[in-house]
1. Would you confirm whether or not the stretch 161-174 contains a residue that is surrounded by 24 or more Cβ atoms within 10 Å (Cβ to Cβ), more than 28 Å from residue 276 (Cβ to Cβ), outside the structural domain of residue 343 (by TED's automatic domain parsing) and out of contact with any strand residue (DSSP E or B) (no Cβ under 8 Å at 6 or more places or on another chain)?
2. Does the stretch 10-25 hold any residues that are over 12 Å from the mean Cα position of the chain (by Cα) and under 29 Å from residue 325 (Cβ atoms), and which are they?
3. Quick one: in the stretch 31-45, of everything that is touching a helix residue (DSSP H, G or I) at 6+ places or on another chain (Cβ under 8 Å) and farther than 17 Å from residue 338 by Cα, which residue is surrounded by the fewest Cβ atoms within 10 Å (Cβ to Cβ)?
4. Read through the list (1) farther than 29 Å from residue 255 by Cα; (2) surrounded by fewer than 22 Cβ atoms within 10 Å (Cβ to Cβ); (3) at pLDDT 95 or above, then give the number of the only condition that residue 27 fails.
5. Taking the stretch 272-294 on its own, how many of its residues are in contact with a helix residue (DSSP H, G or I) (Cβ under 6 Å, 6 or more places away or on another chain), surrounded by 23 or more Cβ atoms within 10 Å (Cβ to Cβ) and assigned to a loop (DSSP other than H, G, I, E, B)?
6. Please give the number of the condition residue 204 fails out of (1) under 25 Å from residue 298 (Cα atoms); (2) touching a helix residue (DSSP H, G or I) at 6+ places or on another chain (Cβ under 9 Å).
7. Being free of Cβ contacts under 8 Å to residues at least 24 places away in the same chain and within 17 Å of residue 243 (Cα to Cα) is the filter here; which residues of the stretch 152-169 pass it?
C-alpha cells in the first residue's frame, strides 16, 4: 500500500486514517494533512486497493471481483495500521466511496477506530438481505419519456472504463469536466431531498448521477468542460494538481476502481455485510458534505436513516458553503474546522 504520511511516528501522537473515494487518490487529502499535523496528529492517507501506487490488486474486468468487497477494504485498513504498529486511530475519515469503507471500519472494529467522520456519502447501516431482490427502478428509468440510467450501474458495465479512459477529449479533459460539474463551481448544483427511490424522483438529479440512457460518462460531462479562463481561475484544483490524477489513472486504468461499484451493484457481496443487520456504529460519528453536493441526497432518506438508525452517537451533520462533492479539496479550511471541533483530543487541547 502506498501511503502519504505526515507527523512523527511516535506513540504519543494520536493517529488519523483518511480514506479517499472515486476518482481520487490519497493525494485528495493534501490540503488538510499538514494542518491536522499542526493540531497534534499523525496523519495517514493510503491509495486504496485498486488505486494509484498501491499494488497487488487484479484490475481485469473478469478478474477477482470479490477482492474489492467492503470487508476486504476494511481488512486492508486494519492490516495497514498493524504493519505500521498503530493499535488504534482517533478517527477514520472517509470521503465519497471512502465513506462506506470508513463506516464499516468503525462498525466492525470500534476497538481500533475510535471515531468516524463520513463525507459526502451517508451510511444507512448494514443491509438486511444477503441477496437483495432485483430493483425495478432501472427498468422504470429506461422507460421514462426521457430514458435514463443510474451512474453506478453504468460504472459496472464492461464498457465504462474504456469510455472514460479512451474518450475523444482525453482522460485529462474528462477528469477536468467531471471534477468541475460535481463541484460548487457548477452553479446548477442545487441539491434537495427527493421524495422517494423512484424513477421520476431520481431523474430530477443531474445527469452525472442519472445519465441519459444512450450516453456514457465522458459524453455526459463533456459539455460542461470549463473554458480556459475558468480552468486558470480554479484555485482548488489547478492544472498541475489535476495532472496528478490524470497521470496516475492513465498509468493504472480505471477498472480496479470501478470494481468497487460492481461489488455493490451485483448484490453478490452482501452476505458478510448482512450478517451485521441491525448493528449500529457505536463510536462517535459525524457527517460533512458540501452544500452544493448531490451526494448526500442521491438515496432519498439516507441522511435521516444514518442519523437516527446507523449512528448510535451522532455528533452532527455539517454542510459546507462554497463546496460541492470534493469538499475537502474545495473548502479545506472549513472542513478542518469541523474536524477539529469533532476530534476529542483537539477539543481538550
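The values are calculated or read from the model by the stated rules, or taken from the named source; none is laboratory data. The shown structure was predicted, so the numbers you read here are calculated from the model rather than taken from an experiment. Because the Cβ atoms are built from the backbone with ideal geometry, glycine has one as well, and the counts that use them run over all protein chains shown.
1. Within the stretch 161-174 (the criterion being surrounded by 24 or more Cβ atoms within 10 Å (Cβ to Cβ), more than 28 Å from residue 276 (Cβ to Cβ), outside the structural domain of residue 343 (by TED's automatic domain parsing) and out of contact with any strand residue (DSSP E or B) (no Cβ under 8 Å at 6 or more places or on another chain)), the answer is yes, since at least one residue qualifies.
2. Once the filter is applied, which keeps residues that are over 12 Å from the mean Cα position of the chain (by Cα) and under 29 Å from residue 325 (Cβ atoms), the stretch 10-25 yields 14, 15, 16, 17.
3. 45
4. (1)
5. 0
6. Status for residue 204: all satisfied but (2).
7. 166
Residues are listed down the side, and each one gets a yes or a no for (1) part of a loop (DSSP other than H, G, I, E, B); (2) modelled with pLDDT under 95; (3) in the same structural domain as residue 257 (by TED's automatic domain parsing); (4) closer than 28 Å to residue 267 by Cβ:
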site: 12; (1), (2), (3), (4): yes, yes, no, no
site: 17; (1), (2), (3), (4): no, no, no, no
site: 33; (1), (2), (3), (4): no, no, no, no
site: 74; (1), (2), (3), (4): no, no, no, yes
site: 78; (1), (2), (3), (4): no, no, no, yes
